[in-house]
1. Counting pairs of Cα atoms in region 1-123, how many percent are more than 25 Å apart?
2. Where does region 87-176 land on Rg(C-alpha)/(2.2 N^0.38 Å)?
3. Roughly to the nearest percent, how much of the accessible area of region 142-243 is carbon and sulfur, given a 1.4 Å probe?
4. With just the Cα atoms of region 156-298, tell me how far they stretch along each of the three principal axes, in Å, largest first.
5. With the cut-off at 1.5 for a/c, could you classify region 12-68 from its C-alpha gyration tensor as rounded, prolate or oblate?
6. Per-residue ellipticity at 222 nm for the chain, helices alone: DSSP H runs ≥ 4 residues times -39500 (n - 2.57), over residue total, nearest 500 deg cm²/dmol?
7. Show log10 I(q)/I(0) for region 191-232 at q = 0.17, 0.24, 0.34 Å⁻¹, two decimals, from a solvent-free Debye sum over equal Cα scatterers.
8. Explain nothing, just the number: dipole magnitude of the chain about its Cα centre with +1 on each Lys and Arg Cβ and -1 on each Asp and Glu Cβ, in debye rounded to the nearest 20.
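The values are calculated or read from the model by the stated rules, or taken from the named source; none is laboratory data. In this text the structure is predicted, and so the values were computed from the model without any measurement. As a convention, Cβ positions derive from the backbone with ideal geometry for all residues, glycine included, and neighbour counts pool all protein chains shown. Please note that ligands, DNA and RNA were not included when accessible areas were found on the heavy atoms of the full protein model with its side chains. Shrake-Rupley method; radii C 1.70, N 1.55, O 1.52, S 1.80 Å.
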Amino acid sequence: MCYKLRREEKKLKRKAVLVSIDGLGDRPIHELGARTPLEAAVTPTLDAMASEGVVGLVDPYAPGIPCGTDVGHLCMLGYDPKEVYSGRGPIEAMGAGLEIFPGDVAFRCNFATVDNNGIVQDRRAGRINQGVTELAGILDNITLNENVIANFAPATEHRAVLVLRGVGLSPHVSDSDPGGKNEGMAIQPIRPLDATEAALKTARALEQYLAIARELLNQHPINKQRIMSGLLPANTILTRSGGIVTHCIPLKERFDGIRCAAVSGEITVQAIAKMTGMKTFIHPGITGSYDFNGQLKASAALELLHDNDLVLVHVKATDLAGHDGRWDAKKTIIEQIDKMVEGIKANSPPDTLIAITADHSTPCEVGEHSGDPVPVVIWGKGVRVDKQVTYGETSCSLGGLGRITGKDFFHILIDLMGFSKKLGA
Ligand SMILES: [Zn+2]
């Protein structure tokens, strides 16, 4: 009988909701009595989960290494960014809806304004936000020398993405974007950053593309109209953050057919979700800004749980508050997230696991991502309970999960869900 029970338990699979609170981790804040925003926030649901579950600290990649949102989420989903990530370009391209394939090289772009001497007058072309789709349309699907195809798509406001496709391309080329201040710097020529034929070929293709783009943009009626109206024309493209698209094995292939979905209002996280084979849930009411709709996110997650094993729910607002140094806002947002999690917890199918963590810390005193570890809690049936009774940076440092990496965290969650593969016979 006991033997049979054990056998059945081995086949047991559980669903899980993974809540990613962007930039959650913080440092003690004087005005909060030397507590972090999470520790100062009133969070009855998160604390109950800590009390009934297990907590710990997660270094998304490694101790003391700050991660971007893209890399932090890849780590949290058990990927090694060194294997699947080579720059921001491919993530942005995916977020903008461009189809990309392994070997493509993608760049982040700005529509910008340059004068006749190649001096950047405005890196954002007067923050152009009208006519961008038409301008992007004339720059898309251009065949270059050496059988390179260029695809181009608009992103948000003055931003866009460029994808070069061809045999033997490299991301190791310099940016045409001079960066720095918004004006007065010369547009930079594209240089190969190593001596490989691939870098040389990519630099040639990109230079040719940018010259064609300048010509097409200068002639375009939208820009002529902008000049007549006293607006800055979007007469050039600045490129940066080139990255090569690598093959990313989807989660369902890595973990026994696991079905995954993501709820996020932010393009970066939506792109990571697509890249890892998650279904993405997009709704105009679900945003990546301060006014995130927690109740809508909770109901979307619950709906997705019907047909999926793992649902990622992402909230960006905490990170924005960290960047803005607004510890009071961060505390309030965490309290709203507590209510969102309460809704998920109360209405999930029986035995659903809930894990809560973050992609990186964004301490209010820094206003940027830091290498501080992030708190984690895992709650649900089968979880070994530790002695911690609150969810906060300090209590998590004493928890049963100890101090682990993002990849460790995901493997632990996957194992609790019953989707792990045994090592050895
Ligand atoms: Zn982030």
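1. Working: 4276 of 7503 pairs.
When every Cα pair of region 1-123 is considered, 57 percent fall beyond 25 Å.
2. Details: Rg = 13.4 Å, N = 90, 2.2 N^0.38 = 12.2 Å.
After normalising by residue count via 2.2 N^0.38 Å, the value is 1.10.
3. Values: 2730 of 4800 Å².
The computed percentage sits at 57.
4. Taking the Cα atoms of region 156-298, the three principal extents are 49, 45, 28 Å.
5. Working: a/c = 2.41, a/b = 1.25, b/c = 1.93.
It is oblate, given that a/c is not under 1.5 and a/b is not larger than b/c.
6. Working: 16 runs with 150 residues, N = 425.
Rounded to the nearest 500, it is -10000 deg cm²/dmol.
7. -0.57, -0.74, -1.01
8. Details: 45 positive and 50 negative charges, 214 e Å.
Once rounded to the nearest 20, the dipole reads 1020 debye.
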